[in-house]
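Have a look at the structure below before the remarks.
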Amino acid sequence: MSADAIVTTRPAAILPAQAEAELRQAEALYLEGLGPTGRKAQASKLRTAARVMGGPFWYTDPGRVAGWHSAAEAAGLSIATANAAASAVRGVVEAAWRLGMMDGDAKARVLASPGLKARKVGDPTTGRHLKAGELAALFGAAHGDRLAARGARDAALLALLYGAGLRVSEACALAWADVDLDAEALTVKRGKGGKARRVELAAGVADVLAAWAEYGSDPHVLAAVDKGGNVKAGRLSSRAAQGIASRLAKAARVADFTPHDLRRTYAGDLLDRGADLSTVQRLMGHSSPTTTARYDRRPAETLRRAAQALTVPSR
């Protein structure tokens, strides 16, 4: 097996001090017990988990394990992908225990964490829809930032996530060259699955982006801003976007939310306002309408009224 198929680094403190080569054995043992197809897929999931969590062997620390699903959602992973990665991690933890790299208590603590439990689609713990008042408060907190450039950037982030329904990874990768402020539209060059799509912007998004453009000089729309309020070279990371969301939530005095919650709210608001499922599917870049339907929060009464708008001509 190629070395790049196995996550490599030293573990957190709860593992005994081991050479890096020994640590690779746990993942190798797990992966080698799978068929060729499963081995390739699970190795990919482990690499994805390491990327999302900012480093491999994060799952040796129960504190970090607890945050897996939140981090995965913030990075734009689907619930199914996050569950698959968690399953691969559980397999490696078991392998590490069998090889004597982790004692029974440490293994039990990690495997008992909700962070490695599979989540069901539609589980309310996977996120929330924000109310109109909360959105207004968040934009107010951004515009009221003592660092004008940072506030303009944060407002642009909110606008792209809620007003264009972008995944946080798509927003962070977006280049100015792919934004047409006059047409109030943008192009996602590489969405999930490598697919490109055109997205029409909600009213007001172009104005927010134009205000931020007065400060920016980086090719990417969302650039970093230092503590002095100076725009830095280099695009914003998904992890930094999650930090911004947490900071704005505190400043606006609203409940915690993830960047993906804004995308979820975008879909819910469009459907509430009468947009058809197919249109919302295209705007969000979903390959299946089934995925889009998961964001539909309309109550049963709304569905009942829609159904009863038709009459069966029985007589």
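Computed from the Cα positions only, the extents of the range 126-235 along the three principal axes stand at 38, 33, 30 Å, in decreasing order. Surface composition of the chain: carbon plus sulfur atoms contribute 53% of the solvent-accessible area (1.4 Å probe, protein chains only, all chains present).
Other residues lying with their Cβ under 12 Å from the Cβ of Gly216 contribute a combined charge of +2, Lys and Arg counting +1, Asp and Glu -1.
Amide H to amide H distances under 5 Å link Val225 with Lys232, where only residues 5 or more positions off or on other chains count and H is placed in the peptide plane. Remark: the range 51-135 carries a charge dipole of roughly 140 debye about the Cα centre, counting +1 on each Lys and Arg Cβ and -1 on each Asp and Glu Cβ.
Between the amide H of Ala175 and those of Val221, distances stay under 5 Å, these residues lying 5 or more places away or on another chain, with hydrogens modeled in the peptide plane. Over all other residues within a Cβ to Cβ distance under 13 Å of Val89, the charged ones net out to +3, with Lys and Arg as +1 and Asp and Glu as -1. Please identify the GluC sites (Glu not before Pro) of the range 157-217 that satisfy two criteria: DSSP loop assignment and at most 13 other Cβ atoms within 10 Å. Which are they? Loop-located and lightly packed - Glu214. For the range 204-299, the Cα gyration tensor yields ellipsoid semi-axes of 30, 17, 13 Å (square root of five times each eigenvalue, largest first, whole Å). In the chain, a dipole from Cβ-located charges (positive for Lys and Arg, negative for Asp and Glu) runs towards its positive end, and of Ala171, Ser246, Gly268 it is Gly268 whose Cα lies farthest in that direction.
Converting phi to 3J(HN,Hα) with the Karplus coefficients 6.51, -1.76 and 1.60 and the offset θ = phi - 60°, the range 230-243 yields 9, 6, 9, 6, x, 6, 6, 8, 4, 5, 5, 4, 5, x Hz in sequence order, with x at every glycine or proline. For the chain, the Cβ-based charge dipole about the Cα centre amounts to some 680 debye (Lys, Arg positive; Asp, Glu negative; other atoms uncharged). Here's how it looks for Leu201: its modeled amide H is under 5 Å from those of Ala185, Leu186, which are all 5 or more places away or on a different chain.
Protein heavy-atom accessible surface, 1.4 Å probe, per residue over the range 120-201: 45 Å². Positive-end ranking of Thr291, Leu277, Ala224 along the dipole of the range 219-310, with charges on Cβ about the Cα centre, is headed by Ala224.
Based on DSSP H runs of at least 4 residues, each adding -39500 (n - 2.57), what is the mean residue ellipticity at 222 nm of the chain after dividing by all its residues, to the nearest 500 deg cm²/dmol?
-15500 deg cm²/dmol
Evaluated at 20 °C with a viscosity of 1.002 mPa s, what Stokes-Einstein diffusion coefficient in µm²/s does the range 33-76 have when Rh comes from the Kirkwood expression over alpha-carbon pairs? My calculation gives 191 µm²/s for D.
Of Lys227/Lys250; Lys40/Lys189; Lys45/Lys117; Lys40/Lys192, which ones are farther than 21 Å apart at the Cα? Exceeds cut-off: Lys40/Lys189. Applying the Karplus relation 6.51 cos²θ - 1.76 cosθ + 1.60 with θ = phi - 60° to the range 267-273 yields 3J(HN,Hα) values of 5, x, 5, 4, 5, 4, 8 Hz, where x marks Gly and Pro. Applying a DSSP loop filter and a limit of 11 other Cβ atoms within 10 Å to the trypsin sites (Lys or Arg not before Pro) in the range 204-308 leaves Lys227, Arg253, Arg273. Computed over the Cα atoms of the chain, the ratio of the radius of gyration to the Kirkwood radius (Rg/Rh) comes to 1.03. Charges were assigned to the Cβ only: +1 to each Lys and Arg, -1 to each Asp and Glu. The resulting dipole of the range 156-284 about its Cα centre is roughly 640 debye. Label-to-label distance for Ala251 and Ser217 is 2.3 nm, based on points extended 7 Å past Cα in the beta-carbon direction.
The values are calculated or read from the model by the stated rules, or taken from the named source; none is laboratory data. A quick note: this is a predicted structure, and the numbers were derived from the prediction, not measured. Glycine gets a Cβ as well: all are built from the backbone with ideal geometry, and neighbour counts include every protein chain shown. The area values use the complete protein model at the heavy-atom level, side chains included, leaving out ligands, DNA and RNA. Shrake-Rupley method; radii C 1.70, N 1.55, O 1.52, S 1.80 Å.
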